[in-house]
Amino acid sequence: MIIGIVGKANVGKSTFFKASTLADVEIANYPFATIKPNHGVGLVKIVCVDKDFQRQCNPRQGYCKKGFRFVPVDLVDVAGLVPGAHEGKGMGNQFLDDLRQADALIHVIDAAGTTNEKGEPVQPGSYDPANDVRFLEVELDMWYLGILKKGWEKFARTVLQEKKEVHRALGQQLSGLKVTDDMVAESINELGLNKDMPTQWTNAQLQALATSLRKKTKPMIIAANKIDLPSAQKNLPRLQQEFSHHQFIGCSAESELALKEATKAGLIEYIPGENTFNILDDGRLNPTQKAALQFIQQHILNPFGSTGVQQVLDMAVFKLLQYIAIFPGGVTKLEDKDGRVLPDCFLLPPKSTALDFAYRLHTDFGKNFICAKDVKTKKTVGKEHKLQHRDVMEIVAGK
């Protein structure tokens with residue numbers, strides 16, 4: 001699973017990425033500070049299952065703190081874009097190509113309206129961020145349409161002549177965008193397209209199909225950044241009403257980054273997503289640092305309940321993609337060979353079965369699957385058993 005972080009230049013996209021990953025990336029107040037995509041590991045947050053067993057877990061990856069398990073996910077921060085990206089303007093072509101393998105998108109916008117359509121700084125509130133929501137949807141849809149229409153007439157004729165099923169042929173052609181046969185079939189049905197006569201599909205119908213497939217393969221959440229500014233707080237309710245089909249979360253990437261770096265330096269104790277932090281050593285903080293932390297507490301954490309960054313990541317994985325977290329364990333033993341308690345946690349797609357989990361652990365477990373055991377209930381289940389979020393499962397396999 002890959003989560004893409006997208007948006008126009010100079011809206012805090014790279015700050016959001018760094019706040020999520022603490023990766024060493026360039027953050028600058030000018031367009032196209034990001035040229036090549038930045039890859040990093042973010043962490044989504046769940047209530048850990050270790051307390052169900054009255055044990056303290058020892059994660060192999062990520063970490064667990066005060067009952068919360070932080071599980072790694074892959075993030076990619078791509079180059080900023082401008083209107084006309086699908087035509088190659090700005091870093092458009094590179095931006096779009098870097099998004100092909102993304103499973104979901106986090107669209108970072110400057111909710112305060114302090115950057116214009118080109119990503120240039122302007123007075124707060126002088127630019128309408130609603131324009132950015134619209135133009136990104138247009139760019140993605142036109143990108144999909146361009147790929148769909150490339151050689152369309154020849155493709156449609158070949159489908160008819162060779163009596164192929166159009167949804168399977170299209171699924172194969174668009175697989176690089178994470179499109180599947182089932183998605184195409186579902187979109188064709190929803191749009192009322194004649195699956196037996198693709199040569200008669202109009203440009204408007206092809207555009208509707210491109211939009212439908214984009215929504216299915218690149219679901220999006222909007223991170224309304226710079227929420228500490230008054231103009232952002234004024235804009236957010238209007239944006240939520242105007243784009244009710246999108247989920248907006250107000251956030252302050254700059255505040256999250258400051259808290260993460262202060263935590264890394266041992267100055268504070270902070271659990272991402274929470275509404276406060278504890279100062280560990282007041283004597284090590286200079287006046288500027290104290291003022292900054294006080295500002296974050298009073299103007300971000302108190303009124304909004306968090307910086308919003310962790311909530312955006314969690315919602316992208318668990319709501320947009322509906323992934324579930326599954327822990328491997330044993331009914332009689334929760335430790336691995338090194339003595340680590342519940343060391344692993346895997347993120348699986350919705351409707352995953354016990355057999356899917358077995359294959360995720362190891363191909364041999366899947367091939368030689370006998371049964372699975374729900375460690376919490378101690379019940380034995382078969383390969384078709386549907387897993388639930390925060391299940392702890394033991395896989396029994398033959399040799």
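Quickly run through segment 8-17 and pick out the residues that are closer than 15 Å to GLY308 by Cβ and either buried (at least 24 other Cβ atoms within 10 Å of the Cβ) or in contact with a Gly (Cβ under 6 Å, 6 or more places away or on another chain) (or both). Quick ask: steps written out before the conclusion?
Of the residues in segment 8-17, the ones closer than 15 Å to GLY308 by Cβ are 11-13, 15-17.
Answer for segment 8-17, where residues must be closer than 15 Å to GLY308 by Cβ and either buried (at least 24 other Cβ atoms within 10 Å of the Cβ) or in contact with a Gly (Cβ under 6 Å, 6 or more places away or on another chain) (or both): VAL11, GLY12, LYS13, PHE16, PHE17.
State yes or no: is GLU384 among the acidic types (Asp, Glu) and either in contact with an Asp or Glu (Cβ under 9 Å, 6 or more places away or on another chain) or closer than 30 Å to CYS251 by Cα (or both)?
No: the conditions fail for GLU384.
Here's the yes/no breakdown for (1) at pLDDT 85 or above; (2) outside the structural domain of ILE147 (by TED's automatic domain parsing); (3) aliphatic (A, V, I, L, M):
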residue	(1), (2), (3)
ASN29	no, yes, no
PHE32	no, yes, no
HIS39	yes, yes, no
GLY62	yes, yes, no
LYS66	yes, yes, no
LEU75	yes, yes, yes
PHE95	no, yes, no
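Counting only residues that are in contact with a Phe, Trp or Tyr (Cβ under 7 Å, 6 or more places away or on another chain) and not in a strand (DSSP E or B), how many does segment 315-343 have?
3
Go through (1) under 24 Å from the mean Cα position of the chain (by Cα); (2) surrounded by 21 or more Cβ atoms within 10 Å (Cβ to Cβ); (3) of a type in the set (Gly, Ala, Ser) for ALA262 and report which single condition fails.
So the condition that ALA262 fails would be (1).
Just a yes or no: is a residue in segment 294-311 within 30 Å of ASP356 (Cα to Cα) and either under 28 Å from the mean Cα position of the chain (by Cα) or loosely packed, with under 15 Cβ neighbours inside 10 Å (or both)?
Looking for residues that are within 30 Å of ASP356 (Cα to Cα) and either under 28 Å from the mean Cα position of the chain (by Cα) or loosely packed, with under 15 Cβ neighbours inside 10 Å (or both), one finds at least one in segment 294-311, hence yes.
Tell me yes or no: at least one residue of segment 259-278 is under 20 Å from LEU75 (Cα atoms) and touching a Gly at 6+ places or on another chain (Cβ under 7 Å).
no
Having 3 or more residues that are within 30 Å of GLY113 (Cα to Cα) and touching a strand residue (DSSP E or B) at 6+ places or on another chain (Cβ under 9 Å) is the bar; report the helices (runs of 4 or more DSSP H) wholly within segment 137-253 that clear it.
230-242
The values are calculated or read from the model by the stated rules, or taken from the named source; none is laboratory data. These figures come from a predicted structure and were not determined experimentally. Counting neighbours? That spans all protein chains shown, and the Cβs are built from the backbone with ideal geometry, glycine included.
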